Structure formats: C-alpha cells, structure tokens
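Derivation of every value follows stated rules applied to the coordinates shown; laboratory data play no part. Computed from a prediction, not measured in an experiment: that's the story for all the values here. Glycine gets a Cβ as well: all are built from the backbone with ideal geometry, and neighbour counts include every protein chain shown.
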Amino acid sequence: MNRQSLENPSDTSLSRVDGAAKVTGTAIYSAEYAVPGIVHAVLVTSTIAKGSITAIESHEAETVPGVLAVISHLNAITVPGWPPKKQPAERVPPGTAFRVFYDSLIYFDGQPVAMIVAGTHEQAAHAASLVRVTYRQEAHQTHFEKNMGKSGIPLNAQRAQNSPFQDYERGDASALHNADVRIDAEYTIPTQHHQPLEPHAIIAVWEGDDKLTVYDKNQGVKSAQGQLAQAFKLPRENVEVVSKYIGGAFGSGIRVWPHTLAAVIAAKQLKRPVKLVLGREQMFTSVGYRPYTKQKISIGAVKDGRLAGIVHEGTGQTSMYEEHLERTVFASRALYACPHVATRYRLLPLDVNTPTWMRGPGDATGMFALESAMDELAYALKTDPLEFRLKNYAESDPERNLPWSAKSLRECYELGAEKIGWKNRLPEPRSVKRNGMLLGYGMASSLYGFHRHPSRARAVMQADGSVIVQSATMDIGPGTGTAMTRIAAKVLGMNAQKVRFDLGHSALPDAPGQNGSSTIPSVGSAVHVVCEALKSKLIALAGEMSDRFKATGQVVAKNGQLFSPAEDKDGLSYADILKYHHLNELEVMEESKSGAERDQYSMYSFGCHFVEVEVNPLTGEVRVTRVVTCADVGAIINYKTARSQSIGGIVGGIGMALMEHSAMDHRFGRYVTTDFASYHIPVHADVPPIEVYYIDKPDVQANPIGSKGLGEIAIVGVAGAIANAVFHATGKRLRELPITPDKLI
Amino acid sequence: MDIDHDAIPPDAPDEDRRFFLKQSMFIAGLSMAPADFLQAALAPDDGPVGNAVKVKLSLTINGKRRRISIDPRMTLLDLLRENLGLTGTKKGCDFGQCGACTVHVDGRRTLSCLTFAVMQHGSKVTTIEGLSDGEKLHPLQEAFIKHDGFQCGYCTPGQVMSGVACIREGHAGSADEVREYMSGNLCRCGAYPNIVDAILEVKKEGTKV
C-alpha cells in the first residue's frame, strides 16, 4: 500500500505522543532541569592547534565576583579511570580518547584548556574572557590536500584480518581495461558539522563521592552510563543518565565527549551541581563532524550497459589520537551487480579533533561519489541514468553472495520516476529553461545496512487496563515514543491513549543508543515481543476465568479487551482480568535480538531520490524546486512521523549538497565558520515541497515487526541526486561539495 | 538575583519608570563616575556582579508583572531560562542567527538572545508558555501537532512564536511568503514543509491568533 499524504483517509498515524509538551515549551531538555544550588561553567579553549600549555594566568579571572574555580590540568582532580600522568607529558598513541584537563598537551584548536565555574553564566563568561593561556607552539598539519601523502591503512584493518575496512576485491578489477566506456574521477566532501539546534549541554550532580547523576545530551543513556562509570570507577548503577528530550543530534551525541567529563570533574571538585552549555562556536570543535573525505572512482561499462568494474578508493580525515572509521566505500560492494569490484579505505591523521558519525555516516559520503559516477557513466553510454541502474540491479547481495532479506528498490525507482515525471525529461543537459532558469532533473539510489542490537523492554499492565512500556532507548527527533506506543497499542489491541512509553533514562531496561538506523529494528522488536508476552499472560489469566479463553489460538485482543472467538460480542477487559486475580499490576520483561537470519540474508534498507533543480544561468545559484523520495524500509510503523524523518533527510541532503562547508584557516588550524552566519544550513526558503512514498511491505526475515531503519537512507544519495540534477541543468559535472555558485559560473 | 513575584499594584508603573530612568542614567554614567561615587551608590542588595552592579527592572511576562534585580549583562533569554524558570524559550546559538529564542515583545517578534533584559523595562513579553490559554492550546500549536511541524522540538517554541507573528503581520498569504518570513527560524531536523503547512492552515481558517 502506498500512502502519500496526510489527507489520505487510510492514514491512521498517531500524532506525536510528546507533541503537546514540545509545542508548549514544557518538554525539558538537558540544560533545563531545575537543580538546587546549581553553578555555571564556561570553557576556555585553545587558540593553537598543536603544542603545549606553558602557563595559565587565571588570577584576574579568580577575582571576578561569583567565580568559584578556574579548573585546568594544573589543578583538576584525578579521574580514577585514567592512567597516571607522565612527567614530562607525552603524546598519546593513536586509539586513545582525548582526556580533558589531563596534561599540558594541545592536540587541536578549540581544545578545552580551562573551565570557569561561577554563580551565574554572566560571571563565568566574563571571567573566561580574562584567562590568559600561553603556549609553546609546534608546527601543525590541518590541510587535508597537502598531507594526502601521509594517509595510511587504518590500524583497525592492520590489526584485524576480518575488519570490513580491509582492502576488498572480488573478480578482477583490472577487467576495467575491457570496458567500452570508462570514467575516472575524484570527489571531495569537506568537513561538515551536525549542528543540532540544541547545543550540547550537561548538568552534573554528585551525591557524595560515589553517586553521579547527569542530565546530558547524548544518543545513548546506557553507553553514556557505562563510559562515565568506567572513567570514575563506579558501579554502573551508581551512575544515572537522564536524557529524555534531545534537541537533535544526528550523530553528535553517540559518545561521551570531553566537555561532559569536564562538567563531571568540576562538579566533583566543587561538590556543587555544575551546568555546562557549549557555545555555538564550541560546537565546531567539541562534538565531532562528518570528516573531510577524498574519493577516487574508476568505473566502466560495456556497450550494452552492464558494469564492467568499479574501483572505489576513499580517504577520510581523523585526529592524531583516534581513528574514526566510516563505510565510505562499502556501497560500491553491494549496490550493483558488478562482477569486478575493488575498494580501498585510508585514513589521514591531522591536528584536529576526532570526527564522528553524522547522519548516513560513510554511505552519504560514498554514495555521493558512486551515484555521481553512475550518472556520468550513463551519460557517456548515452543511456538513461535510471535505465542504467535497472540494468545493473542486484537481485542478490553481490558482496556476501546472499539473498536480500527483502528488496523493493525496483518498485521505489518505478514509483519515484512516475511521480516526478521522469519519462518527460529531455536527456540533453542544459536543454530546458523555465522562467529564465536552467531546469534539471537528477536521481540517485540509497541504501544502508541498518543495524539491530539486543534490546530489552518491560511492559506493565496497570489495574485500570492501561499499560506502561519502558526501554532505555532515545528520541533525538524521529518520534521513538510515538512509534513504540503504536507498536504496543497494536499488539495489545488498545487505544494508544492508554499506552505510555518511557525512554531516555539509564535505569530503564537495556537498549542500544539511537544510531545506525537501529531503533525500530531493535527496540521496536523488543516492544513487540514484550507486548506479545504480556498478551499471552493476560490470555492465560483469562483462561482461568472462563473456558472460552483456553483455546488461546482463537483469542483476539481489541479495544483493551480479549474476545474468544473473535466475533464474540462480549469481551473481557484487561482491567477486569487484573481485578479478578487481585493484581495491582502485571509485569513482563523480554529481550529481543537477531539470530541466524543475519547469516542467511543480507539486510539493507533501500530507497531513491528524484530531484528537480533550477539554476540561475547568470549567478550560478541552485534552487531545489521539487523532490520525490521513495523508500523500502519494510513495514511503516507510523506514517506521519516516518514521513517527517524522510523529509528531514532530504533537507539535510540539500545542506550537504549546496551549502555546508566547515572552512578552516590553515595558518592557525582553526575553523573560520563558527556560527550559522558562516556555516549555512537550509532555511525555510531553501526547502521546496517534498513528496514521500513508501513501499510499505514487511520484511519478514528482518525482525518480528518486519520494519527496517529509515534514518540514514533518508539522506544517503541526496547529494548525488542534486549534483546529477545540476549537471542535467547546466552541463557541468561538479565533484566537489558543496555546489556553490562560484563553481557554476 | 532577587525576584519579587508579587503582582505590582496597577498604579505602580510610573514609579517603576522613574526608578528605571534613574538606573539607566546611573549605568550611562558608569564609565565616567569616580570609583568612590560608585561605591556610595550601591544599595546593599545591589552587590557587584563581576564588573557591573545589579539593576532593578519591572516588566510584564505572560501577563504577570515582575520586579527583578539583575546583572545588566543578562540577556532577556537568560533571564527567562535561568532566573524565571521559563525554559520553553530556547537558546540555539546566542548570536541571533537561529530564531529558537523568539518571543513577542509588545506584540513584535523579538530575538531574546540579542536583547538585554534591562532594555525591556516596562515591556510586555509573551513567551511560548504564555501562548496557550491554560490547557487549551493556541490554534497554531494544534496545527503544529496535526502537521507534525517538528521532530526534536527544540526550535519549535521559536517557530510557533514566529509563526503566530507571521500570520498577525499579514505575511502568511502564500507558501512562498511564509517561507520567506519564517526563514529566520532554523530547523535542523528539517520540518520546514510541515511548519509551512501548519501556518497556512491556521491562516486559511481565519482563526484569530
């Protein structure tokens, strides 16, 4: 069933369960918890990219009224989970997470070097401006292009034979020489930042020496709990992480960052609750980014349009102290039925902070290159780009030689092509104008190997027949609580109003963080399973009340009641079942995880994007004027919120393709784009109508709910589709993002 | 900081105004005033806050008069969030570039992060908390829920306050016009098309906003 609009009467979506809280401003985000005795922290960050601190002059700052402490490596408490400091300080080997306020060494510009804690934010901010740090500066290397020669095989691949980041080859990539048509090209994606609207923030509260509570912006309360417990050598249960509302993250909250530890250190040292909110400029050096990545693709086809070979190489930026690995070249192994494929992945360490996963990590980067190259090759073959993709459609996974668990990408292509009117497109580039603007259409595929992790959920039926379902999952925006409520209500045959779903607290049952398009497949499955178990228990209890419920196979749950047989007029309500058995509540806990099916099938979410652009022939300004996006993510749980997630991915892709560029002044190794005036993200006026379609066919092999992840494929491929549309409009093939007007005139 | 939560009698504004003028002149003269004069001028509760002294002001927030003594460096945004517990107004960038902090000051949409609180003596400020009528949501709040005009919800209060102003200003005549006049409110989740739909629907229905 294809559903396309909210007006569609068949759409029974739930509105967001936390909608009222969000539109009235009563939803409480990390920095907004009212904690008595709270004090405010402001970070002082390094102004050099490499070297060491020789002195911190903080006397003037300390005399500012209200200032409680100036914390730095000179006086910070020892973090028990860290190794003893070396004298003199030594640079850490790669693979060591940055330790804040640990020693005098500087690894990147913007590194926290001191923190002011004061009674008010104003006092702390003023005092921070008075701290004078002097450095012994060393020559830094931040320029990716100039240092390309220093890139190397990731240690991860050197150490592990089965690492997916090993060089890969199937068939014989030299078969490219036999291709009738061949493209060899380089693609560049600059550093791009997540920049969620809510800056990262934390309130750290210690009770005594061994109990820590943090209200923290992150994407995984359980992993944050584990990381903090490890750092401070506490039992896990002594660390409570509360992250109920997250103001966007897109990957920036997957790990515990130095600023979080800085606030926890300060709170311990001062025995006061400490609040730290990053400034927007600090968001560029504190919480990771999509790494600068250079790719080379050699791709060829024979005359009839079959791919002859693909060689895909990618080199990504990382820091000097950690490896950050991405799936940059992976899509080329799996997307097309090409017998000869080779991929190589390299890392280039620079004097920068460590990158992290940003929406569609690796695949968004790699698919820009692959789908641009496919488009270019199609034009070289004088073939329609969509026809070319269909010609090389992979009916099974060519990388793992396994059947797909499900794949409806062909249906996505067909639906998208029909909706955008692809067949009416004139193939010749730069051949159509509309209102004086060059008009172009482009498309690209999307895929993502969504994850599924073991997850637990608890369901507690209340005496009044309502149910509380709990899991330590997160909602960074997709509407996790709403989707889970929908799953629970469906299984239990209840009105969604009678379901409450709790998330975002480390005391809840184990669940993975929100990343890798894993929440619905993982936690959704656990919620489904636990509600099935609860229903079974209720049916068993009903069987003790009346014989007609003993034939468990014919019992049906609807309207908060059990019916047996299904057409029976009189149901037995959940409340009455609990009342009969003198139960105040009925609790079930279940775990759900993947099994052998992951070895029997290859599991991906698929999709495609069709884009219409107008390009001003005089100024080179590109406007995306229409987008059609189609996704095959198995069963759609809640259309309304899924649709928003797809739209959000397109908007992120528009930013990635046309505007986002974290520019650095390499004389200082410092970003010059440090706010929204210089780091541009799409605004209302940049976003056209976006049409969203789903195939909505359950993937019965994937998991109990037949639903696959959507978050990543929403953005993967979008930049390629836009670049391809720009080529169609202008005849210019741009292989370096973002596509700004200067590159088109 | 001290807050007087009691309502001020209706005849108080003039008195407050005089008080504020005195304070304003005091601030204006700070740079020229000799240090001992400053010391003498300080009232006991107006202790130094860094390199400044506290300033008293009075303003109406969501229909409630408030008399407050604050650090003059404090923005209206921080006053709302840190001192008055009105955390519905969000801090996104603190540079006036994202719109998350949008409130209405005397009926006009205003970026509260670019506004010092002391500049708002005598003003009437409406925040997201003051938009709904008790439990009854404002029509635009209802429309945001219906059209799913948000995901993470962080930019939402600013979008709603701006959206209400956009309609009141007469700038919601078409989707293009809404996009133009809402472009100061960034949404990183990308809920823009749904926000536009919500605003257009409320405008079309003609409900008084």
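Rounded to the nearest 500, the 222 nm mean residue ellipticity of chain A from helices alone is -6500 deg cm²/dmol, with -39,500 (n - 2.57) taken per DSSP H run of at least 4 residues.
For region A:584-590, 3J(HN,Hα) computed residue by residue from phi via the Karplus equation (6.51, -1.76, 1.60; θ = phi - 60°) reads 6, 7, 9, 10, 9, 10, 9 Hz, glycine and proline entered as x. Residues in region A:327-334 carry Karplus couplings, in order, of 7, 3, 9, 5, 4, 5, 7, 10 Hz; the curve used is 6.51 cos²θ - 1.76 cosθ + 1.60 with θ = phi - 60°, and Gly or Pro positions show x.
Packing around the peptides A:667-676, A:575-584, A:450-459, taken as the average count of other Cβ atoms within 10 Å per residue, puts them in this order, highest first: A:450-459, A:667-676, A:575-584. Placing unit charges on the Cβ atoms of the charged side chains and taking the dipole of region A:656-745 about its Cα centre, the candidate lying farthest along the positive direction among A:V683, A:M659, A:I695 is A:M659. Taking the charge dipole of region A:307-408 about its Cα centre, with +1 at Lys and Arg Cβ atoms and -1 at Asp and Glu Cβ atoms, the residue from A:V329, A:L350, A:N401 reaching farthest to the positive side is A:N401.
Beta bridges per DSSP, both residues in chain A: antiparallel share near 75 percent. Remark: spin-label model distance A:V302-A:A55 equals 7.5 nm, labels positioned 7 Å along the Cα→Cβ axis.
If R0 equals 45 Å, the separation of the Cβ atoms of A:K593 and A:E395 corresponds to a calculated FRET efficiency of about 0.95.
How big is the dipole moment of the protein assembly as shown about its Cα centre under a simple scheme where the beta carbon of each Lys and Arg is +1, that of each Asp and Glu is -1, and everything else is neutral? Debye, nearest 20, please.
Details: 101 positive and 104 negative charges, 163 e Å.
Its charge dipole is roughly 780 debye.
Under the criterion of Cα pairs below 8 Å and six or more residues apart, the relative contact order for region A:453-593 equals 35 percent. Here r is the Cβ-Cβ distance between A:N584 and A:S678 and R0 is 35 Å; the resulting FRET efficiency, rounded to 0.05, is 0.05.
The residue list A:Q497, A:A542, A:G51 was ranked by how far each Cα lies along the charge dipole of the protein assembly as shown toward its positive end, using unit charges on Cβ atoms, and A:G51 comes out on top.
Using a 10 Å cut-off on Cβ to Cβ distances, tally the other chain neighbours for every residue of B:177-188 and report the average as a whole number.
Numbers: counts 0, 2, 6, 3, 2, 3, 6, 2, 3, 7, 9, 17.
Going residue by residue through B:177-188 and averaging, the value is 5.
Restricting the GluC sites (Glu not before Pro) of region A:329-435 to loop positions (DSSP other than H, G, I, E, B) with no more than 13 neighbouring Cβ atoms within 10 Å leaves A:E395. In order along region B:154-168, the phi-based Karplus estimate (6.51 cos²θ - 1.76 cosθ + 1.60, θ = phi - 60°) of 3J(HN,Hα) comes to 6, 7, 4, x, x, 4, 5, 5, 5, x, 4, 5, 4, 5, 4 Hz; Gly and Pro are listed as x.
Quick check on the exposure proxy: order B:M161, A:M358 from fewest to most C-beta atoms within 10 angstrom. Mind showing how you got there, number by number?
Details: B:M161 30, A:M358 27.
Ascending number of Cβ neighbours within 10 Å: A:M358, B:M161.
Ordering A:H194, A:H340 by the number of other Cβ atoms within 10 Å of each residue's own Cβ, fewest first, gives A:H340, A:H194. Each Lys or Arg adds one and each Asp or Glu subtracts one; over the other residues with Cβ under 13 Å from the Cβ of A:A719, this totals -2.
Distant-in-sequence amide contacts of A:D384, defined by a placed amide H-H separation under 5 Å and a gap of 5 or more residues or a different chain, comprise nothing.
Of A:R255, A:R132, the sequence from fewest to most neighbouring Cβ atoms within 10 angstrom is A:R132, A:R255.
Output the relative contact order of chain A, whole-number percent, from Cα pairs under 8 angstrom with separation of 6+ residues. Kindly include the intermediate steps, with their values, before the conclusion.
On the way: 1868 pairs, mean separation 120.0, N = 745.
Normalised by residue count, the contact order of chain A is 16 percent.
Straight-line cross-link partners of A:K743 among the lysines, defined as a Cα under 19 Å from its Cα and at least 8 positions apart when in the same chain: A:K294, A:K732. Around the Cα centre of region A:1-127, unit charges on the Cβ atoms of Lys, Arg, Asp and Glu (plus for the first two, minus for the last two) sum to a dipole of about 460 debye. Charges were assigned to the Cβ only: +1 to each Lys and Arg, -1 to each Asp and Glu. The resulting dipole of region A:632-716 about its Cα centre is roughly 120 debye.
If you count, for every residue in B:89-101, the Cβ atoms of partner chains within 10 Å of its Cβ, what is the mean?
Values: counts 1, 8, 10, 9, 10, 6, 7, 3, 6, 7, 4, 4, 0.
The shielding value for this peptide is 6.
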